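Reviewing the structure listed below.
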Number of protein chains: 2
Amino acid sequence: MAKGKLQPPRGTRDFFPEDLRLRQWFFEHCRAVAHQFAFEEVDAPIVEHAELFTRKAGEEIVEQLYHFEIHGRHLALRPELTPSIARMVMSRAGALRFPLRWFAIGQNWRYERMTRGRKREHYQWNAEIIGAAEVSAEAELMAAIFSVFGRLGLPPGSVKLRVNSRALLEETLLAGILRKRPEIFAPLCVIVDKLSKIGTDAVAQLLSDPAGPVGIAASDARDVVDLLSVQDLEAAVKNAPADSPSARDLGRLFALLDAYEISEHVVFDASVVRGLAYYTGVVFEAFDAAGTLRAVCGGGRYDRLFETLGGKSMPAVGFGFGDVVIQELLADHGLLPELSRPLDAIVFAMEDALRPEAIRWARQLRGTGQAVEIVLDPARLKRVYADADRAGARRVYLIGPDELERGVARVRDLQTGDERDEKLPD
Amino acid sequence: MAKGKLQPPRGTRDFFPEDLRLRQWFFEHCRAVAHQFAFEEVDAPIVEHAELFTRKAGEEIVEQLYHFEIHGRHLALRPELTPSIARMVMSRAGALRFPLRWFAIGQNWRYERMTRGRKREHYQWNAEIIGAAEVSAEAELMAAIFSVFGRLGLPPGSVKLRVNSRALLEETLLAGILRKRPEIFAPLCVIVDKLSKIGTDAVAQLLSDPAGPVGIAASDARDVVDLLSVQDLEAAVKNAPADSPSARDLGRLFALLDAYEISEHVVFDASVVRGLAYYTGVVFEAFDAAGTLRAVCGGGRYDRLFETLGGKSMPAVGFGFGDVVIQELLADHGLLPELSRPLDAIVFAMEDALRPEAIRWARQLRGTGQAVEIVLDPARLKRVYADADRAGARRVYLIGPDELERGVARVRDLQTGDERDEKLPD
């Protein structure tokens, strides 16, 4: 195998023990919060029919699909979890209790150009509430997200949630610019999502490109961009038609966030629309307060995804929370824990004939839940001690001929250096 | 999306909450045992360079590879975990402490013809000891396997471990039939592994096929098949050269298994050679005692894999333990647990204006670690109770205007039907 091939494929990660401890530490916090919020965990294949993910709205996520033909089937590595979860719900809809609260923790793949800090896979905590129409569902999800931030040790205020409503934007545009072309709202959102990456001029240009999926007049494109710059809910509501239901929803959402005591960390931001075509209502993204990192997590309401997939209409809201950006943020705050390997004991038989006795000791100690190594190949005592130190073991159990005769092991505590004889309990 | 596409790709599984609880129950037992045996968990990408898995020995696992070209790279879904773990070890060999004990729990893919009970993916617990030359490592792994059987509730004797040594077979054949063609030993093993599936005649025929990878004389092929029928270690040792090191190793292995108190469940079986080309020494497979299922798990020593991958020679032994056959076995024994959803409380605000109070209650209860749902959309009380029953909730917390005024919630215990007022703790 070529030397370069010792690395995993470009943009993917190996998880050595210390890496995996960290990943599991993060997701165990997500699991604990999901448990408190009464979510049930599910899982779907990492390979799906490509058809589940291909949509025609020009989304990046579809362009970056890892897809391939194999034995006449068109398959894809999932780029996100929501479509799989929607598919599962549809396949059993009659037998499920709604609203359901499901979460999944899994790997997603995107074939993107490699830049610093970007990867082609990440693990993601996905939580979905399916079958609830009111913004109380959005509020629950946001509360769950802040609950994880708190558990990870992030100080209050270090992460801001930016919230908008696609429905509000849609109502506003449908009452004006898009009055005659409501069908271009989804591709318009896909373009608008690029705002923070490419800037207002480029977005306006894409929106007015006559060969593009939207192709509105240049002055209309400018008006759209202006609408997005609003960072004040009242001003956004003024731009919307009177008695806008989505404006009322946003007001209710903030009132609920008050009860969760997180509203001071949630801000309205009309530029947040998210890059997925299927969102229909409230959308949100969390960012570090310093604004130096990409979105920590994001989600929104997608009340029409089930119809798009050929199912019955079903209100739904969800989010994805990846393992990459949060680790950068925690590192910036010095909050990544040192998670050392638990190694309670190393058992060493000084002679080959004493191995059965060493095994008896190891079995006994393991039976009490301790993490125990047996020295497997012949070794010198001095090397065993040095190695046990290096491994961070707590104790070494030494079985020599003399110990065997007296029915004991010689136990050295590696923290204190103390030694004593210990009897094998029955 | 086509109706049939509501199912995951053929041969793959969705894990609904009850399925995932079962899968996690199984792997948590594996993790607990791995912890006691001082293994550290690692993980590698599910997509690797195809080159890592392609070998020329005619193995099924290579023929069944899910592989594809994408942007000029030849990638594959991993069919097994060992090569990825070997690659990781090679990429950091200088910085690791040996012998290392690593385990991984992950999904593997094989594109095989679909028959009853066969799938194209399975999850597998993989444990490897790398850098230990003696059979004490094999004994540790076998003990870990039986420790899991015990934790799962399988009665002693319900699973048998069949053990052989490829080295013993190799020594025996190299002293005779393969004296002049030692290089065909690995492909010979790949064919011999089909014995239980296709029978002795077909194996003898494949071995003597002049167009095949082995092509030995028909009488030699018959002698090989005869060697495989031996189920008695002493008889197998008699066929081997005098002072055979691998015969001595097998004897030592059984002595160690005595100390682990599992030797009565381990039998010598010369027909076990395993289907992977890279095994070099002891090989083993666990089967249900009734002999009705495929192998529950299997593994062996692979001292030359690191060289094959272009690295330094490194003794190593490992096994894989999948999630599919063990579930069939547990089901046969009536040992699959009923794992219900934990749902401690449902909180219900009788009026929209009372939602903030319901949220306060939910936060309080969640803060104590309880799993708590909030009723998200308006509902009638009667329906909430019926639904809570169906969901298996323990208690319903009811917030009405009267309760709010008195600073309490009305709590109904769904097991006893008792109701009482409870004050929100500070």
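The values are calculated or read from the model by the stated rules, or taken from the named source; none is laboratory data. This one's a predicted model, so the numbers in the text were calculated from it and none came from an experiment. Because the Cβ atoms are built from the backbone with ideal geometry, glycine has one as well, and the counts that use them run over all protein chains shown.
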With the condition kept exactly as written, say whether any residue in the range A:339-347 is out of contact with any helix residue (DSSP H, G or I) (no Cβ under 6 Å at 6 or more places or on another chain) and within 18 Å of B:ALA132 (Cα to Cα).
-> no
Under 8 Å between Cβ atoms, at least 6 apart or on separate chains: pull out the pairs that start in the range A:68-87 with a residue that is on the phi > 0 side of the Ramachandran plot and end on any residue that is part of a loop (DSSP other than H, G, I, E, B) and aromatic (Phe, Trp, Tyr).
-> A:HIS71/B:TYR111
Scanning the range B:308-317 residue by residue, those closer than 15 Å to B:ALA133 by Cα and either within 11 Å of another protein chain (Cβ to nearest Cβ) or surrounded by fewer than 24 Cβ atoms within 10 Å (Cβ to Cβ) (or both) turn out to be B:LYS312, B:SER313, B:MET314, B:PRO315, B:VAL317
Could you give every pair whose Cβ atoms fall below 6 Å, whose first residue belongs to the range B:200-221 and is part of a helix (DSSP H, G or I), and whose second residue is of a type in the set (Ser, Thr, Tyr) and crowded, with 16+ Cβ neighbours inside 10 Å, counting only separations of at least 6 or pairs across chains?
-> B:ALA218/B:SER208; B:ALA221/B:SER208
Among B:VAL224, B:VAL273, B:VAL237, which is the only one that is touching a helix residue (DSSP H, G or I) at 6+ places or on another chain (Cβ under 7 Å) and in a loop (DSSP other than H, G, I, E, B)?
-> B:VAL273
Could you grab me the full set of residues in the range B:74-91 that are surrounded by fewer than 22 Cβ atoms within 10 Å (Cβ to Cβ), facing chain A (nearest Cβ under 7 Å) and of a type outside the set (A, V, I, L, M)?
-> B:SER91
Only one residue in B:GLU128, B:GLU51, B:GLU59, B:GLU69 is surrounded by fewer than 20 Cβ atoms within 10 Å (Cβ to Cβ), among the charged types (D, E, K, R) and more than 7 Å from chain A (Cβ to nearest Cβ), so which one is that?
-> B:GLU69
Among the residues of the range A:212-258, the number that are within 14 Å of chain B (Cβ to nearest Cβ), in contact with a Pro (Cβ under 8 Å, 6 or more places away or on another chain) and surrounded by 19 or more Cβ atoms within 10 Å (Cβ to Cβ) is 1
Long-range neighbours under 8 Å by Cβ, at least six apart or interchain, first residue closer than 20 Å to A:ALA386 by Cβ within the range A:339-360, second polar (S, T, N, Q) = A:ASP344/A:GLN370; A:ALA345/A:GLN370
List pairs: first in the range B:164-177 and in a helix (DSSP H, G or I), second charged (D, E, K, R) and modelled with pLDDT under 95, Cβ under 8 Å, 6+ apart or cross-chain?
-> B:ARG166/B:ARG274
If you go through A:LEU257, A:LEU233, A:LEU253, the only one that is more than 25 Å from the chain's Cα centre (by Cα), within 17 Å of A:LEU168 (Cβ to Cβ) and either in the same structural domain as A:ALA316 (by TED's automatic domain parsing) or among the hydroxyl-bearing types (Ser, Thr, Tyr) (or both) is A:LEU233
Would it be correct to say that A:GLU373 is part of a helix (DSSP H, G or I) and buried (at least 16 other Cβ atoms within 10 Å of the Cβ)?
-> no
Pick from the range A:1-35, criterion modelled with pLDDT under 95 and in a helix (DSSP H, G or I), ranking: surrounded by the fewest Cβ atoms within 10 Å (Cβ to Cβ) = A:GLY4
Tally the residues that are under 44 Å from the mean Cα position of the chain (by Cα), within 8 Å of another protein chain (Cβ to nearest Cβ) and crowded, with 18+ Cβ neighbours inside 10 Å, restricting the search to the range A:352-370.
-> 4
Considering (1) of a type outside the set (A, V, I, L, M, F, W, C); (2) more than 7 Å from chain A (Cβ to nearest Cβ); (3) touching a Gly at 6+ places or on another chain (Cβ under 9 Å), say which one B:LYS5 fails and leave the rest.
-> (2)
Taking first residues from the range A:274-288 that are farther than 16 Å from A:ALA186 by Cβ and second residues anywhere that are surrounded by fewer than 23 Cβ atoms within 10 Å (Cβ to Cβ) and hydroxyl-bearing (Ser, Thr, Tyr), the pairs with Cβ under 8 Å that are 6 or more apart or on different chains are A:ASP288/A:SER158
Listed residues A:LEU414, A:LEU330; which is surrounded by 12 or more Cβ atoms within 10 Å (Cβ to Cβ), more than 13 Å from every other protein chain (Cβ to nearest Cβ) and free of Cβ contacts under 8 Å to residues at least 40 places away in the same chain?
-> A:LEU414
Out of A:VAL42, A:VAL62, which single residue is in the same structural domain as A:VAL296 (by TED's automatic domain parsing), under 21 Å from the mean Cα position of the chain (by Cα) and under 23 Å from A:GLU140 (Cα atoms)?
-> A:VAL42
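This table checks each residue for (1) in the same structural domain as B:PRO155 (by TED's automatic domain parsing); (2) in a loop (DSSP other than H, G, I, E, B); (3) surrounded by 18 or more Cβ atoms within 10 Å (Cβ to Cβ); (4) aliphatic (A, V, I, L, M).
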position	(1), (2), (3), (4)
B:GLY320	yes, no, yes, no
B:ALA379	no, yes, no, yes
B:ALA386	no, no, no, yes
B:ALA393	no, yes, yes, yes
B:TYR397	no, no, yes, no
